[in-house]
Each structure stands twice: as structure tokens, then as C-alpha cells.
Amino acid sequence: MARLDRLLANLGYGSRKEVQALIAAGKVVLDGKVLKDAGARIAVDATLPERMTIRGVAVDPPAPLVLVMHKPLGVTCSHKEDGQKIYDLLPRRWQIRDPGLSTVGRLDKETSGLILITDDGDFLHRVISPKRHVPKTYLTSLDRPLDGTEGEIFAAGTLMLDGEEKPLLPAQLDVVDEKTARLTITEGRYHQVRRMFAAVGNHVVTLHRERIGGLVLPADLEPGQYRILPTAEAETVFDA
Ligand code: URA
């Protein structure tokens, strides 16, 4: 149960004072009845948007929320860096929710593709946990033709990246054509895919994440678009 005014403030509808005014003005309706008591206790679950409206519009989904986004090129996954942020692509209210939304791991500014955004810390940590080895697949185009040795080098589990002390876990390379390949990795080291190709004397020109575990980037999501992932779909990232 949550106090109505706190619930709406946490969903980004305004300060506690502002949402109290909204409630007093009769703009909040639950199960067809106007709610006038800011202190009312509300049962909160995923069905809330079917039951509650704010100014006649379904309330935003409560936490926990998982979004799947097609990250466009040129935006950062950081809350702090300069420039356009992935969070700027979300509605303003979603940017000020509490608990806040974070990306599940990061993609470089110049990487596109599948990214998850969530306010569910437990889900986030399960996905990025180094113990789980959730596989991530990247489609990459390269500056130079593959020479045919890369697959074996990446699969060996012995490749050492510059400045690191532990070799990479085995990764799977699937060649698409002489300058295009899919690479599946089960770790999330800094700039890992770019550094792996650099380690074999190549250079990544474009990088696009297609898949995390059993979850594939939906084909109908254009760059910059996102949608809410129902829990069962979000959990497919843990499917082998
Ligand atoms: N590897 C990279 O080099 N960059 C990414 O964005 C993701 C994986």
C-alpha cells in the first residue's frame, strides 16, 4: 500500500504539494471514483494504469519498470556526461521518477541497439552480474577483411586485452561476410568488442547490439523508440 500523494510524487507528477493540489482539484480517479484524500492508502501493482487516471489519462506504470529501447547512435548511457543522454528520449515524468531509471550496463555513445532501462535494482544486478555470464550479441562491421583466425582466438579464453590482468572468457564469432561478423560475449568489460577486434589488428567501424540472452531487439523498434517489457519478457534475458 502507498500513500496517494507520495505515490504520484514518486511517479513524477510533481512535488508533494503539487500532487496534493491535483488531488484536491479532483483530477485523480480510481475505479471510476474521484479521490479527494491525499493520504488515502492505495494498493499498487502492475494493473494500476488500468484502474487510475490522472486528468483523464491512465497513470504511468508503477515500479518495477523495465523498458527495452533501440538505442540510437550519438547518445550516452551516462547520467553525468555532457551531450544528449538516453534519458532525454524518455518522457520528462519518467526522468524524475523515484526510484530512478538506469540503463542495465552501458553501450558506447557510438554503439546502437538493444538496451534495457529499469528502476529495478535487483533485475539490473542479476543481468550484469559477472557470475551469470548473460550472453550479449553484437553485429559489427570492420575496417579490414577478417583473416579467418579471429574465431579461434576469441574462442580460446586466453585473449588478454591491453592493461588487463585476466584473459577474456571464450567468445563466439559468427562471420557474416569478409568485413561483417556477429560476436557473442558473456562479460561486459570496458569497450570490450572494440578492444577485441583491435587486439587482432582490426578496427570496428559500426557496432550494434542485437540480443541479450534470450531477448532480441524487437524489429519494430526504430532507433530512439522504446516500450515497456512485461516481467515475463524481461526474464527471457536469462534464457540460455
Ligand atoms: N563493446 C564495445 O566496445 N562497446 C559497446 O558499446 C558494447 C560492447
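The values are calculated or read from the model by the stated rules, or taken from the named source; none is laboratory data. These numbers were taken from a predicted model, which means no experiment stands behind them. Cβ: placed from backbone, ideal geometry, glycine included. Neighbour counts: every protein chain shown. Surface areas here come from the heavy atoms of the whole protein model, side chains and all, with no ligands, DNA or RNA. Shrake-Rupley method; radii C 1.70, N 1.55, O 1.52, S 1.80 Å.
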Worksheet item: Leaving out same-chain residues fewer than 8 places away, which lysines sit with a Cα under 22 Å from that of residue 166?
Response: 131, 136
Practice prompt. May I have the extent of the alpha carbons of the chain along their three principal axes, as whole Å values ordered from largest to smallest?
Written response: 70, 33, 32
Item to complete: Report the relative contact order of the chain, percent, no decimals, based on alpha-carbon pairs under 8 angstrom and at least 6 residues apart.
Response: 19 percent
Item to complete: Just read off the accessible area of residue 186 with the full protein assembly in place, 1.4 Å probe, to the nearest 10 Å².
Response: 40 Å²
Item to complete: Any chance you could check the Cα centroid distance between segment 134-176 and segment 42-108 for me, in angstrom?
Response: 33 Å
Item to complete: Mind grabbing the accessible area of residue 174 for me, 1.4 Å probe, Å², rounded to tens?
Response: 70 Å²
Worksheet item: Given C-alpha coordinates of segment 136-212, what is the ratio Rg to Rh with the Kirkwood estimate of Rh?
Response: 0.91
Item to complete: Would you grab the residues whose amide H sits under 5 Å from the one on residue 65? Only those 5+ places off in sequence or on another chain, please, with H modelled 1.01 Å from N.
Response: 119, 120
Worksheet item: Reachable lysines from residue 27, Cα under 18 Å, same-chain residues fewer than 8 places away excluded?
Response: 17, 36
Fill in: Cα-based shape type of segment 2-58, given that a ≥ b ≥ c are square roots of the gyration tensor eigenvalues and the cut on a/c is 1.5
rounded
Practice prompt. Pick out, in residue order, every one of the trypsin sites (Lys or Arg not before Pro) in segment 103-211 that is DSSP loop and has at most 10 other C-beta atoms within 10 Å; say none if there are none.
Written response: 131
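Could you work out the percent of alpha carbon pairs in segment 48-115 separated by over 21 Å, rounded to a whole number?
32 percent
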Worksheet item: Can you work out ³J(HN,Hα) from phi for every residue in segment 180-191, in order, using Karplus 6.51 cos²θ - 1.76 cosθ + 1.60 and θ = phi - 60°, giving whole Hz and x for Gly and Pro?
Response: 9, 8, 9, 10, 10, 10, 10, 10, x, 6, 4, 6
Fill in: Accessible surface, segment 2-58, averaged per residue in Å² (probe 1.4 Å)
55 Å²
Discussion item. For a quick check: with amide H placed at 1.01 Å from N, whose amide H comes under 5 Å from residue 113's, ignoring anything fewer than 5 positions away on the same chain?
Written reply: 71, 209
Discussion item. What does DSSP give for segment 66-159 in terms of the percent of beta bridges that are antiparallel, rounded to the nearest 5?
Written reply: 90 percent
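Could you tell me what % of all Cα pairs in segment 104-240 have separations over 23 Å?
The answer is 34 percent, as a whole percent.
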Discussion item. Taking θ = phi - 60°, what integer Hz values does the Karplus form 6.51 cos²θ - 1.76 cosθ + 1.60 yield along segment 217-225, in sequence order, with x for Gly and Pro?
Written reply: 4, x, 5, 8, 8, 6, x, x, 8
Worksheet item: Under the rule of -39500 (n - 2.57) per DSSP H run of 4 or more residues, summed and divided by the residues of the chain, what mean residue ellipticity at 222 nm is obtained, to the nearest 500 deg cm²/dmol?
Response: -5000 deg cm²/dmol
Worksheet item: With N residues in segment 1-141, what two-decimal value do you get for its Cα radius of gyration over 2.2 N^0.38 Å?
Response: 1.24
Worksheet item: Using a cut-off of 19 Å between alpha-carbon atoms, which lysines can reach residue 80, once sequence neighbours fewer than 8 places away in the same chain are excluded?
Response: 71, 109
Fill in: Sulfur and carbon atoms: percent of accessible area, the chain [1.4 Å]
52 percent
Discussion item. Test of the criteria: in segment 134-223, which GluC sites (Glu not before Pro) are in a DSSP loop and have at most 16 other Cβ atoms within 10 angstrom of their Cβ?
Written reply: 164, 165, 178, 187
